[in-house]
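Here the structure is laid out as structure tokens; the discussion comes afterwards.
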Amino acid sequence: MMRPMTEHRPWFDAYPPDMPHSLAPFPKESVFELLRSAAAGFPDKPALAFFGAHMTYAELLREVERFSAVLAGLGVRQGDRVGMILPNCPEYVITFFACQRIGAVAVGNNPLYTERELEHQISDSGAKVMIVLDQIYHRFGKIRDAAGVQEVIAVKLNRYMKAPIRWLAPLKFKADARKAGTPLPFIPADHSVRWWADLMRSAGPAPPEATIADPAREVAALVYTGGTTGLSKGAMLSHLNLVANARQAAAWLDVVRQGEDGIVAALPFFHSFGTLVMDFSMTKAAKLILLPRFEIDMALKAMSKEKPSLFPGVPRMYIALNQDPRTPKHDLASLKACISGAAPLPMAVAKRFEEITGGAKVVEGYGLSECSPVTHANPLVGERKEGSIGMPLPDTDVKLVDLDEPDREVAQGERGEMCIKGPQVMLGYWNRPDESGLVIRDGWLHTGDVAIMDEQGYFRIVDRIKDMILVSGFNVYPTEVEAVLFHHPKILKCAVVAVPDDTTGERVKAFIVLKPGETATAEEIVAWCRDPDQGLTGYRVPKEIEFSDELPETLIGKVLRRVLQDEERKKREATGAP
């Protein structure tokens, strides 16, 4: 374990006094200082690349100062929440750092959320000002009043694009909208909005920077998590949380040269992994290559043109690139490293991507929104273990505790719930002190993930505690079964869940997506799983197989087992099955 941390009482008295904590070695910086330092040291280096256009660090700083004047003019003060419903675009980066400059709290929202999910999240955060992409306004517009939003700033995605793309893009946006059945115009005439371009043209002088007296206690961002298993909760991430995690990642991923390299921003910024990519880029004064969505042709063109050295992603991105015949036709040799998260990374996928790119090493890491998010990663130099999330990042303490006796640590090689202590651990959940106290106990964040540590200090996630299947009293971990299924040559994707069983209590069911052009039967898959070479004991072998064209996933590619279980429950209720 790393050295212990100094604990302190948080700024919100309703929260338990034993959380959060901070580490003295990390400088007490505000998030805005990351941008200010990059602009001071590398003013003429590109900060953002977006559809052929580049914005230098000096220009980005000026845009941030201008938009901080806009927010201040709308009455936003230190501690107020500012919401965004935007894809990855320059306006997102500018808004995020303008919030940090004036001490406001940035709140990202998933543009694909339903109206119910958006209303809950915006109402819960208390955001009174929202920055919204005009193309997705139609869903937000239905709930803006119910959510309590007072001011709406509308964004057109082409503002910071390079000509002639800037002129042609609106035609494509409208054509895509008609094809998708999206109402036109994007914003009805009777809805009152302010336009980004107008506000930026008329912005007054930038207000003074807010004083962040204690970066360890003051909230910089709310990152919402858990919406797929109920109402989402806002993880309160402090300035120290975000800065520390960016610097931890910078120490681990030292292949990115200061002021020289580019980083692919394909992960959505509203997600904690995407937020880290944005902040990490500032610590390196790197060029952030913005992708509004991960689309193969768009990603390949951007990477071959902008020559990034780092590509943070999720397995489904690497799988898609591996399988697309266009990928080998593009020059991706600039890539030095990729870090994958959110879902298990099959080693075959990593090795194939390395072959295609000519050597970009792909390593798997681990994190969660409550930890800003990264806590573990496999080393870029040294042994990379298949199925392992690697080792803890610098200044991150980890322990595994007994599932039934959480006060007792388990021995090396035994399963236990993984608990984290470090400068990246959140302050707590927004407006939920009781739930925060259940998750953070005695300074340790209880992740809900079951893990094993080997003799070399590498960790392997076995499963989520809530997803564990109990078959005749025996624990079955879905991830272990999925790992076996992933090795089947015909299987592209899979997910394993519990279904009721009159005899054993629960049994294992697998949902499977086959590779294009492949066919298989349930009997064939079960027989393959029963083969002794696969290492699955009888009670862990799936008793049911269901083939599907797709699996429910989050925007970053994490399969939603809970959705599958809910759909399965509804089907059984409708048919009267047990």
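Structure data summary
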read-out: Met317, sole failed condition from (1) surrounded by fewer than 19 Cβ atoms within 10 Å (Cβ to Cβ); (2) of a type in the set (A, V, I, L, M); (3) within 28 Å of Asn241 (Cβ to Cβ); value: (1)
read-out: Hey, Leu536 surrounded by 15 or more Cβ atoms within 10 Å (Cβ to Cβ), touching a residue at least 40 places away in the same chain (Cβ under 8 Å) and touching a Cys at 6+ places or on another chain (Cβ under 7 Å) or not; value: yes
read-out: Positions within region 542-578 being assigned to a helix (DSSP H, G or I), among the β-branched types (Val, Ile, Thr) and touching a residue at least 12 places away in the same chain (Cβ under 8 Å), in sequence order; value: Val563
read-out: Failed item in (1) surrounded by fewer than 24 Cβ atoms within 10 Å (Cβ to Cβ); (2) at pLDDT 95 or above, with Ala235 passing the rest; value: (1)
read-out: Number of the condition not met by Lys399 [criteria: (1) modelled with pLDDT of 95 or more; (2) buried (at least 16 other Cβ atoms within 10 Å of the Cβ); (3) of a type in the set (Lys, Arg)]; value: (2)
read-out: So Leu133, is it in the same structural domain as Val70 (by TED's automatic domain parsing) and either free of Cβ contacts under 8 Å to residues at least 12 places away in the same chain or of a type in the set (Asp, Glu) (or both); value: no
read-out: Region 468-507 - residue that is over 21 Å from Ala451 (Cβ atoms) and touching a Pro at 6+ places or on another chain (Cβ under 6 Å) and, of those, modelled with the highest pLDDT; value: Pro500
read-out: Lone qualifier among Lys558, Lys515, Lys543 - being within 34 Å of the chain's Cα centre (by Cα), among the basic types (Lys, Arg), closer than 30 Å to Pro312 by Cα and modelled with pLDDT of 90 or more; value: Lys515
read-out: Residues of region 136-166 that turn out to be touching a strand residue (DSSP E or B) at 6+ places or on another chain (Cβ under 9 Å), assigned to a helix (DSSP H, G or I) and crowded, with 17+ Cβ neighbours inside 10 Å, as a count; value: 6
read-out: Residue, surrounded by the most Cβ atoms within 10 Å (Cβ to Cβ), within region 539-578, restricted to residues that are aliphatic (A, V, I, L, M) and over 30 Å from Gly341 (Cβ atoms); value: Ala577
read-out: Exclusive hit being surrounded by fewer than 12 Cβ atoms within 10 Å (Cβ to Cβ) and more than 18 Å from Val82 (Cα to Cα), set Ala177, Ala169, Ala189; value: Ala189
read-out: Within region 517-533, considering residues that are crowded, with 16+ Cβ neighbours inside 10 Å and out of contact with any strand residue (DSSP E or B) (no Cβ under 7 Å at 6 or more places or on another chain), the one nearest to Asn475 (Cα to Cα); value: Cys529
read-out: Residue match in region 497-504 (condition: touching a Ser or Thr at 6+ places or on another chain (Cβ under 9 Å) and either crowded, with 20+ Cβ neighbours inside 10 Å or without any contact (Cβ under 8 Å) to a residue 60 or more places away in the chain (or both)); value: yes
read-out: From Val76, Val64, Val70, Val82, residue being in a loop (DSSP other than H, G, I, E, B) and at pLDDT 95 or above; value: Val76
read-out: Failed item, numbered, when Ala58 is tested on (1) closer than 25 Å to Asn158 by Cβ; (2) part of a helix (DSSP H, G or I); (3) within 21 Å of the chain's Cα centre (by Cα); value: (3)
read-out: Number of the condition not met by Ala40 [criteria: (1) touching a residue at least 12 places away in the same chain (Cβ under 8 Å); (2) closer than 30 Å to Pro423 by Cα; (3) aliphatic (A, V, I, L, M)]; value: (1)
read-out: Leu240 vs. criteria crowded, with 24+ Cβ neighbours inside 10 Å and not assigned by TED's automatic domain parsing to the domain that holds Ile102; value: yes
read-out: Residue list for region 100-116, filter: among the β-branched types (Val, Ile, Thr) and in a loop (DSSP other than H, G, I, E, B); value: Thr114
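Let's see how each residue does on (1) within 20 Å of the chain's Cα centre (by Cα); (2) buried (at least 16 other Cβ atoms within 10 Å of the Cβ):
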{"position": "His376", "(1), (2)": "yes, yes"}
{"position": "Pro379", "(1), (2)": "no, no"}
{"position": "Pro392", "(1), (2)": "yes, yes"}
{"position": "Pro406", "(1), (2)": "no, no"}
{"position": "Gly416", "(1), (2)": "no, yes"}
{"position": "Cys419", "(1), (2)": "yes, yes"}
{"position": "Glu435", "(1), (2)": "no, no"}
{"position": "Lys466", "(1), (2)": "no, no"}
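The values are calculated or read from the model by the stated rules, or taken from the named source; none is laboratory data. Values in this document were obtained by computation on a predicted structure and should not be read as measured data. We place every Cβ from the backbone using ideal geometry, glycine too, and count neighbours over all the protein chains shown.
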